[in-house]
Amino acid sequence: MLSMKNINKVFKTDLVETHALRDFNLEVKEGEFVAVTGPSGSGKTTFLNIAGLLEGFTNGDYFLDGVNISNLSDNKSAAIRNEKIGFIFQGFNLIPDLNLAENVEVPLRYRGFSRSERDKRVKQALEQVGLGARMKHLPAQLSGGQQQRVAIARALAGEPRFLLADEPTGNLDSMMARQVMELLEDINKAGTTIIMVTHDPELARRAQRNIQIVDGQVCDFTMYQGGQPQLVSDNVQAVS
Amino acid sequence: MFFYYLDLACRSIKKTPFLSVLMVLAISIGIGITITTLNIYKMASVNPAGERSDKLFAVQLWSQGEDSWDEFNPQITYQDSFNLRRGDIPVRQTPMFRTGGAIQTDNPDLAPILEGVRVTDSDFFSLFSVPFLYGQAWDKSVDQQAKYEVVINADLNQQLFGGENSVGRTLYINRKPYKVVGVVDHWSPKPKYYDVNNGAFNDSEQVFVPFSLTPIEEYQSWGNNQGWKHEDTRTVAAKIVSEQHWLQYWVELKDQHDVELYTAWVRSYIEQQQAPGRFNSPNADVQIMDVADWLIENQVVAEDNKVLVGLSALFLVVCLVNMLGLLLAKFLKRAPEVGVRRAIGASRAQIFSQHMVEVGLIGFCGGIIGLLWAWGALSLLAAKFELEQALTSLDMSMWLVAPTIAISAALVAGIYPAWRVCSTNPSIYLKSQ
């Protein structure tokens, strides 16, 4: 599903070169729920941006669903983002002037769906997250948890193969965080691959696999429900 | 997607009304000034002869002596006009000048009206494609055998005869009775190219009388009279035989071959005239010009007008630079939303198009308001500076030209801000929102 081999990402200024990712290797299989953890500045967000085709990389190979992502045109990248990837952000990132239905509709507009198809998918996605009755509300009229559910509906409306979530519960209280997490688990059970960046160890433990990124490199652990983490990477880093 | 972008543009404009009004104002003022000057320039630049422009020629003669004018005079003398009429190469030809008089009818209730009168030959009407409402021009024989016949314009016909068919009725010019033979159907070419000496944008005369009556009625010239040597021209009889230039002369020639033939014929006439001592300058010659060249030669479109259009275009550029700054501020403020749109599948081209549609909409609004400014400015010019109505009436084409210029100019101003916002890295804003 997702394969990154020896990915390097270097930010250059006149004086300094910063290696955000260094020989980064990762394989994610279809249907997996992967949690990505790591200290601030370790490269988690850079990884997520590259995985979501929002940023390029300096060198290496990245295959998404069998497609070589290196040197894709902006149009192709946008089309892949639109069709295969769904994004969920910590700050929800809903467009404040658009009501819920219009927010969810945005990616479908760019994909060129007909009005009837858009309406059907918007209704379906909002009902899936329990907000079918509030389609005409503006984001500001909702709680944080509800806004995040709208963001999830927006990500789901395009039926992506692959969900990228950047601290999706970071701005929510524990009860809402739990609800959102349960929703993500349901989505994953329905077959969508999820990669979630989180600082919350409890949420990370609920994922099938936990990856820690340190200094731009990956330490890969498989987590089993109720058991101890089993180290599978040679890059020995403990997971708390 | 266009209508989606249009919907987003409307929302965006509503969301920032103050900034949007500022931008619309900036572009509308630029457009208003540009359209005002452009309208005056365009109205002054019209070639009213249309398709016949290259068939109609103004004739000029270098009949002045040495140490006199150093260019062809736009008018010619009476004696040359009279003689040139004998030429048979032109399809049509006519001498003419402007006079005037008190116009009356048999109706005692109607006060005399002082009107400009054009003295000309019967060819005038077909040469300049003058449309007739009633009747026709006087017969060609009247050009030789003077008769008191007259053609009037529809407006005067309305005033004198209530707009009815007045052919056969009598009107009086300076108390002399003239029989109406034709009524012209509202004809007033702008510029008045057939006689640019007497106000290139004045209305056409309301009355036309035969040239052959000139020596009989001794019509006074109401136009420019230019002499190059001292002559006593206090009487019309003296003026007729003088070297004073006060008549316009137009010919219609079929093609270039006839132009050459006619030029050669006039040159031979000049040679004949040199025998009795006229045309004694070494530069003595003939110059004939079609309508387009004639309008340029006589600077009907003043050079100042062109400069003014250029300056107003520069002003529009200044307005656009201001608009560019405002757009940049507005669009960059929206970068986080653009980041979200990019993340969920919008390409750079789609984001660029979205913003360009918004800019186009602002430009369109600016164009419409600018048109209203232009209309106001032209009305003000007409009222305060008494500019001719032909120059200050808003040309219909401006309803298309103004929005087109406004949208195009706004799009040019919007390219950089739209490019900036669509080329920003979306990931920067996704985390920080």
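The values are calculated or read from the model by the stated rules, or taken from the named source; none is laboratory data. What you see is a predicted model; the values in this text were computed from it and never measured. All Cβ positions, even for glycine, are placed from backbone atoms using ideal geometry, and neighbour counts span all protein chains on display. Side chains are part of the model used for accessible areas, which takes the heavy atoms of the whole protein and leaves out ligands, DNA and RNA. Shrake-Rupley method; radii C 1.70, N 1.55, O 1.52, S 1.80 Å.
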With all protein chains modelled, accessible area of B:LYS306 [1.4 Å, Å²]: 90
10 Å Cβ neighbours from other chains, averaged over peptide B:336-342: 5
Listed residues A:HIS199, A:HIS19, B:HIS186 arranged by accessible area, highest first, probe 1.4 Å: B:HIS186, A:HIS199, A:HIS19
Inverse mean reciprocal Cα-Cα distance (Kirkwood Rh) of the protein assembly as shown, Å: 32.2
Distance violations [Cα-Cα > 23 Å] among A:LYS29/A:LYS120; A:LYS29/A:LYS84; B:LYS147/B:LYS176; A:LYS84/A:LYS120; A:LYS9/B:LYS333: A:LYS29/A:LYS120; A:LYS9/B:LYS333
Kyte-Doolittle at least 0.5, axis length at least 24 Å by Cα - qualifying DSSP helices, chain B: B:17-45, B:303-333, B:348-385, B:398-422
Residues A:SER114 and A:ARG22, FRET efficiency given R0 of 41 Å [Cβ-Cβ distance, rounded to 0.05]: 0.35
For region B:63-284, diffusion coefficient by Stokes-Einstein and Kirkwood Rh (Cα), 25 °C, 0.890 mPa s, µm²/s: 133
Neighbouring partner chain Cβ atoms per residue of A:82-89, average, 10 Å criterion: 3
Top positive-direction residue, dipole computed over region B:63-284 with Cβ charges, set B:TYR78, B:LEU247, B:VAL117: B:VAL117
For region A:28-108: relative contact order, % (alpha-carbon pairs under 8 angstrom, 6 or more apart): 16
B:CYS319, B:CYS365, reordered so the largest accessible area comes first (probe 1.4 Å): B:CYS365, B:CYS319
Among the listed pairs B:LYS42/B:LYS140; B:LYS42/B:LYS384; B:LYS190/B:LYS384; A:LYS44/A:LYS76, those beyond 29 Å (Cα-Cα): B:LYS42/B:LYS140
Shape box of region B:330-433 [Cα atoms, principal axes, largest first, Å]: 64, 21, 16
Interatomic Cα distance distribution for region B:242-386, bins of 5 angstrom, percent: 2, 6, 8, 11, 10, 8, 7, 6, 7, 7, 6, 6, 5, 4, 3, 2, 1, 1, 0
Separation between Cα centres of region B:117-193 and region B:33-67, rounded to whole Å: 25
Per-residue SASA entry for B:MET96, accessible area with 1.4 Å probe, Å² rounded to 10: 0
Separation of alpha-carbon centers, region B:271-348 and region A:95-126, rounded to whole Å: 47
Segment B:VAL91-B:LEU6, extension gain: residue separation times 0.36 nm, minus the distance between their alpha carbons: 24.7 nm
For B:ARG92, solvent-accessible area (1.4 Å; no DNA, RNA or ligand), Å²: 70
Overall dimensions of chain A by Cα: Rg and Dmax, Å: 18.0, 55
Rounded to whole Hz, the Karplus (6.51, -1.76, 1.60) HN-Hα couplings of region B:179-196, x for glycine and proline: 8, 6, 10, x, 10, 7, 8, 6, 10, 7, x, 10, x, 7, 5, 6, 8, 7
Most to least accessible of A:LYS189, B:LYS140, A:LYS9 (protein chains only, probe 1.4 Å): A:LYS189, B:LYS140, A:LYS9
Relative contact order for chain B, counting Cα pairs under 8 Å that sit 6 or more residues apart, in percent: 29
